[in-house]
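Working notes for the structure below.
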Amino acid sequence: MKGEKFSCKRDNLTIRGLLYRPEAKKEKYPLAILSHGFMANYKSTKKYAERFAEMGFLSICYDFNGGSIISKSDGKSTKMSVLTEKEDLKAVIKAAIELPFVDADDISLVGFSQGGFVSAMVANDLQEKIKRIILFYPALCIPDDARKGQMIWAKFDPQNLPEKLRCGPMKLGKCFVQDVIGMNAFDQIKGYRGPVMLIHGTKDSIVSADYSKQAYKAYFTERGEKPSKDLQLVLIDQANHGFIGKEGNLWNKYAFFAIEKFLEKKEILFNVDVILTSCEDKMEGQKKHSKLFFKGHAQSPYFTGDVIEPAYDYQVHIGDITESCCADYKVEGKDFEGNDCIVNIKNELYPKTKDFDINTEWKPSVSTNSQALSRINNLNCETYAEMRPQGPMIHIWG
């Protein structure tokens, strides 16, 4: 997909980036603005912008002024902070909504790491203009790191700041620290009332997933609501900061599956961490019948509990072809009101093919004796499976 050049001004500085249009021709398009992380540029979000365009959004990825040593935008890195980046993003929003083919009532902010923190703050400031925010591993740790005197590779005495700080190959000004050192990150974002999706890897060593968990709690508490489709926290097992490495494509694939469900107003009901314990096989003619025994733990904002053993996945194979699969099991635990309950999960699949997609073919049925969770009975659900050596992580959406 080829992007068009995009630019706008913040004060006397030019912000540069790319704009992607969906293939389908429409008079007005929903808008997604993607903001990169610390020491990156628009190229780090380009593939995400392309993906949003494929989903029907007019998408814009851009460089913050002074955002990195490879920035195409103006400005010096020594003048950059999360507050200057807030103003950059507001300038991009202002310029974008003036485009004749943008639906100004449907604006999404998509932020990555530091860009996620910035996007969340801007959404809080521009309540009525932003329809939703999607935050990938947002760097809400930045104020805490400033108070500790260590931000990525930069180390300093927070009580005696030098004019410039060295952070790897990049120079920062003292404003980068001064603008956040007295800040409570969660107070800066929690007032936003539109739909929020937080996406974070459980093995993020740069920004702990605890920050997204705390953000979820801050939004939740501020709204005073029960769990809602408009507030979702998606934790991706074993994923690192930036979703990089050999598993990166799988982590991003799941992230976009989650985003698509979020946009469809579906939500994650359960994550079931499955651990395979043993297997029994027997042959009947040309068919191999397998029982894959497992244990597991289920968790979500709605329910927490453990798989009642014995539980197993029953599969029938003819050579390389999987004829059928069925996992029918119960999970015992507590619903979000603290009541004891049981959730019944039945996952069936009849692929009749060698190469079926485990993440799109399964249609589980879920039921429960919980009054608080009664709406999930007979709900049309979908499954996504993250495959791991010890067993899959099963995500059930509805």
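Remarks
- Looking only at segment 190-221, residues that are of a type outside the set (Lys, Arg) and not in a helix (DSSP H, G or I) come to 16 in all.
- Single residue of segment 178-189 satisfying the filter (in a helix (DSSP H, G or I) and touching a residue at least 60 places away in the same chain (Cβ under 8 Å)) that is nearest to Lys76 (Cα to Cα): Gln178
- For the condition surrounded by fewer than 16 Cβ atoms within 10 Å (Cβ to Cβ), assigned to a helix (DSSP H, G or I) and touching a residue at least 24 places away in the same chain (Cβ under 8 Å), Lys86 does not qualify.
- The residues on offer are Leu263, Leu233, and the sole one that is under 13 Å from the mean Cα position of the chain (by Cα), under 20 Å from Pro138 (Cβ atoms) and surrounded by fewer than 20 Cβ atoms within 10 Å (Cβ to Cβ) is Leu263.
- Of everything in segment 90-116 that is assigned to a strand (DSSP E or B) and either touching a Ser or Thr at 6+ places or on another chain (Cβ under 8 Å) or farther than 17 Å from Pro22 by Cα (or both), the residue that is most open to solvent (accessible area, probe 1.4 Å) is Asp105.
- Yes/no for Gly182 being open to solvent by 40 Å² or more (accessible area, probe 1.4 Å) and either farther than 30 Å from Lys47 by Cα or touching a helix residue (DSSP H, G or I) at 6+ places or on another chain (Cβ under 9 Å) (or both): yes
- Residue list for segment 21-55, restricted to those being assigned to a loop (DSSP other than H, G, I, E, B), within 19 Å of the chain's Cα centre (by Cα) and surrounded by fewer than 19 Cβ atoms within 10 Å (Cβ to Cβ): Met55
- Here Gly285 meets the list (1) small (Gly, Ala, Ser); (2) modelled with pLDDT of 90 or more; (3) surrounded by fewer than 16 Cβ atoms within 10 Å (Cβ to Cβ) almost entirely, failing just condition (2).
The values are calculated or read from the model by the stated rules, or taken from the named source; none is laboratory data. Computed from a predicted structure; not experimentally measured. Don't worry about glycine lacking a Cβ; one is built from the backbone with ideal geometry, like all the others, and counts go over all protein chains shown. Just so you know, the surface numbers come from the protein's heavy atoms only, side chains and all, with ligands and any DNA or RNA stripped out. Shrake-Rupley method; radii C 1.70, N 1.55, O 1.52, S 1.80 Å.
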